[in-house]
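The block underneath contains the structure these notes are about, expressed in structure tokens.
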Amino acid sequence: MGKVNCFSMPVLLFSMLLMLSACSSVAKDRLKPFTSDGCSSFPDGTFRQNELWLSCCVEHDKAYWLGGNYQQRKEADIALKVCVERVGEKAIAKLMMAGVRVGGSPYWPTSYRWGYGWDYFRGYDEPTEKELKLAQKMLLAYDKNKLNARTQSGTTQSGTTQSGTTQSGTTQSGTTQSGTTQSGTTQSGTSKVAQ
């Protein structure tokens, strides 16, 4: 075997790092199935109504799971605040708004950060059209599974998503705009926000 000179070792290491980097970027492009932990580190409701604003948090999670640009995150946070206000909890809504603005940054390595459906770190990258279509299918499957689970158990919960169309009376999910409020209807899901 021949000698390894000083120049070839750094080139070899650089090549290996480049290959590892390419592999990790492929993994970053995979969207994990939607999950929700409800209101994360915050209660899902009051002592009397322990899921009072849970549906608001699940819709907010749908926007956070997918991620997108800074404006989309801001609109998703505003939609959460409006939704919680609609269930009659204005003080809680303000508190939640402060919490998500600070704690939901894509720069925190948490399970509830903006864009948590992607591997860390995606930042404020907007989903492509292909990614949006995939996200729409995943959200529809999630909503369908939740509806089937409720149907099989024979119970429904007031204010929770049922077939992806009702939440707190007016929230819609699926293929609508991420976190925007239009004509008093909170919408979240998988399409880009018009700017």
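Quick grid of which residues meet (1) of a type in the set (V, I, T); (2) touching a His at 6+ places or on another chain (Cβ under 7 Å); (3) in a helix (DSSP H, G or I):
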site: L52; (1), (2), (3): no, no, no
site: D61; (1), (2), (3): no, no, yes
site: Y64; (1), (2), (3): no, no, yes
site: L80; (1), (2), (3): no, yes, yes
site: A91; (1), (2), (3): no, no, yes
site: K94; (1), (2), (3): no, no, yes
site: Y107; (1), (2), (3): no, no, no
site: Y120; (1), (2), (3): no, no, no
Whichever residue in the stretch 50-105 is among the hydrophobic types (A, V, I, L, M, F, W, C) and under 19 Å from G123 (Cα atoms) and, among such residues, is nearest to the chain's Cα centre (by Cα): W65
Residues being at pLDDT 95 or above and among the polar types (S, T, N, Q) - total across the stretch 50-60: 1
Out of G115, G99, sole residue that is on the phi > 0 side of the Ramachandran plot, of a type outside the set (V, I, T) and in contact (Cβ under 8 Å) with a residue 40 or more places away in the chain: G115
Some residue of the stretch 61-78 being among the basic types (K, R) and modelled with pLDDT under 95: no
Unmet requirement for K137, which otherwise passes all of (1) in contact with a Lys or Arg (Cβ under 7 Å, 6 or more places away or on another chain); (2) without any contact (Cβ under 8 Å) to a residue 40 or more places away in the chain: (1)
Some residue of the stretch 92-101 being of a type outside the set (A, V, I, L, M, F, W, C) and in contact with a Gly (Cβ under 8 Å, 6 or more places away or on another chain): no
Qualifying positions in the stretch 66-78 - part of a loop (DSSP other than H, G, I, E, B) and either touching a helix residue (DSSP H, G or I) at 6+ places or on another chain (Cβ under 8 Å) or crowded, with 19+ Cβ neighbours inside 10 Å (or both): G67, G68
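The values are calculated or read from the model by the stated rules, or taken from the named source; none is laboratory data. Computed from a predicted structure; not experimentally measured. A quick note on method: Cβ atoms are made from the backbone with ideal geometry, for glycine too, and the neighbour counts reach across all protein chains shown.
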